[in-house]
Structures are given as C-alpha cells and as structure tokens.
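First up is the structure itself, then whatever we jot down about it.
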Amino acid sequence: MILETVKARSGRKSTSRKSIKRPDHGAWFLVLPALIPILILSVGPLLYGVALAFTDSQSGRTQPTQWVGALNFRDLLHDTLFWDSFRIGLLWAVGVTVPQFLLALGLALLLNQNLRFRPLARALAIIPWAMPEVVVGIMWRLVYNPDAGILNETIRDLGLGDGRDWLTALATALPAVILVGIWAGMPQTTVALLAGLQNTPHELHEAAALDGAGAWRRFRTVTWPALKPVALAITALNFIWNFNSFALVYVLTNGGPGGRTRLPMLFAYEEAFRYGQFGYAAAMGCVMIAVISVMLACYLVGRLKGGDDQ
C-alpha cells in the first residue's frame, strides 16, 4: 500500500514537472522584426552621436576626424549662448506646459458633460492635433502677419492701435510662440484627461452629490484623485516634448529675433548644419539627453513613491 502511494506521488510530480512550461526561446524570433529597426534607426544613431561628441568632426574638413575627449563639453560649459538657449527652453517648456494642462483640463471637463453636440465638439477639439507642426507654424505666421494678419486687422477694427509685428519684436516674440505651442499641444492633453475622466465611476459622483458635496468638492475629492496619475503622466511627457521642440519654433521665428526664441534644439541645429560643427553639436545633444534622462528618472521615482504610498 505504501509503495503504491509513493508511486502515485512520484507520478504526480513527474506529470507536474512535465506540465511546467520552459521559456520559449523561439519567441525572440518574433520580436526581431520590430527590434531590428529600433536598433538600426534609434539606438545606432544615438550611440554614433554620443561618440561624435568626443571628436572634432566638422563639415568640409579634409583632415581626418580626431578624438578630443571632453574638449567639446568643456567649451560648452563656457558657452553663454548655449546656456541662454537652455534658459529660453525652460521658459518655453514651462510657459507651454502649465497653461496647456489647465486649459486642457477645463476643456476635458466640459467635453465630459452631456452636451447636445458632444461628438462634434470632441472632433473639433482634436483638429490641431491632426495638423503637422509645419502647417501649424505657417498658419500662425499668417495670423501674426503685421500687414494682413487677422490679429492686427482685428486690433485695427477695434480701434486698439495699429498692431505690431509680433514675431520680430523682442518683447512679444517668445509669448507669441508660446501661445502657438499651447494651441497646438492642447488636444493631446485634452484626450488623455478625457479618457481619465471617463474611467472615473459615476457612482462616486452620485454618492458625493447625495452627501451634499458641491461641484468643487466633488472635483477635489472624487475627480482629481482618480485623474491624478493620468495628469502627472501627461504633464511630464508634455514638458519633455515641449523642451525638445524644434519644427514649430523653427517655422515661426527660426530662433529670432536676436536669439529670443532660440531653443536648445535650434541652437544645436545651427551649430551642426549652419556652421558645420558636428562634434560640438553632438555634445549639445548629449547634454540634452542627460537632462531628459534626469527628468524621466524624477518622474519614475515620483511614480514609484506614489505607488508605495497607495
């Protein structure tokens, strides 16, 4: 009897061992078609750019490129123009991201209501998102046109003055560009926040309303706690995207006037393709990668701490 019990148990163990699935190494072959383009088109150029930052590579140079170590980075530390562009990039990123979030939050709350033409309103709200940045830049250049732009024409019709050249004046160039950035990036923030609002259970709002909570209290105690993870994620991504902006500002002002809208990416572009300093521009790119990595690390640490607290 004991032997039969031992055999039965050993039989179960053997079948259980056979039932354990070993890792399927063949799955890597299914991942390769998507992994190879990423390695070739993203990782490869990134590593090449990092290596280029430690050389004296220049355009039109007849002598071979030489390894200069950290010389480009030392020069970059004393380059006041680069740090001015870095400061302008921070002003641009904050000036676009914060109003963009607040306006998108209000629009998402409005579109989440039971409006009569809600599908049409949602479709119209994402139109700027569907437009390429170059098209947006050209369109707003026409709006800001000093002679025939709709903005100056409206100012003249209202008797508020003769208008001005918004994109070439030192005092108004950066605010005018920030306004375009807010308009262009608000739809994607609105869509993300609207998705978060729709995932909030309606029963919680109904229970809070029955308890006598007003609109602000319901938002603070019910809506915002459910929306907070989405809000933090989209705000962090927007800040990084805005800090790396290039095409929109390039079309609008090309970094002018007097460098007032020269973002770091524009400065690196000029150094590489206008002045031919490829190694120096690559060093700027490495600094930008380091800054973005710090931003992502801060965001991930905050998310992990938030998850631990919950």
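The values are calculated or read from the model by the stated rules, or taken from the named source; none is laboratory data. Fair warning: this is a prediction, and the values are worked out from it, not measured in the lab. FYI the Cβ positions are ideal-geometry reconstructions off the backbone, even for glycines, and counts take in every protein chain you see. Only protein heavy atoms, including side chains, enter the accessible area calculation; ligands, DNA and RNA are left aside. Shrake-Rupley method; radii C 1.70, N 1.55, O 1.52, S 1.80 Å.
Computed quantities for the displayed model
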quantity: Built amide H within the under 5 Å cut-off of Thr55, gap 5+; calculated: Val68
quantity: For the chain, calculated [θ]222 nm from helices alone, where every DSSP H run of n ≥ 4 adds -39500 (n - 2.57); calculated: -22000 deg cm²/dmol
quantity: The chain - Rg and Dmax from Cα coordinates, angstrom; calculated: 27.4, 106
quantity: Contact order normalised by residue count of the chain, Cα under 8 Å, 6+ apart, percent; calculated: 27
quantity: Probe 1.4 Å, protein heavy atoms only - accessible area per residue of the chain in square angstrom; calculated: 63
quantity: Principal semi-axes in Å for segment 68-136 [√(5λ), Cα gyration tensor, largest first]; calculated: 42, 14, 9
quantity: Zone residues, segment 63-79, relative to Ser293, backbone N less than 17 Å from point 7 Å out along Cα-to-Cβ; calculated: 70, 73-74
quantity: Magnitude of the charge dipole, the chain, Cβ model with Lys/Arg +1 and Asp/Glu -1, debye to 20; calculated: 1680
quantity: Dipole of segment 207-279, positive direction: furthest Cα of Ala226, Leu237, Pro264, with charges on the beta-carbon; calculated: Ala226
quantity: Loop sites in segment 74-161: trypsin sites (Lys or Arg not before Pro), DSSP, at most 11 other Cβ within 10 Å; calculated: Arg116
quantity: Heavy-atom accessible surface of segment 163-310: percent carbon and sulfur, 1.4 Å; calculated: 63
quantity: Shape parameters for segment 108-202, alpha-carbon atoms, Rg then Dmax in Å; calculated: 17.1, 52
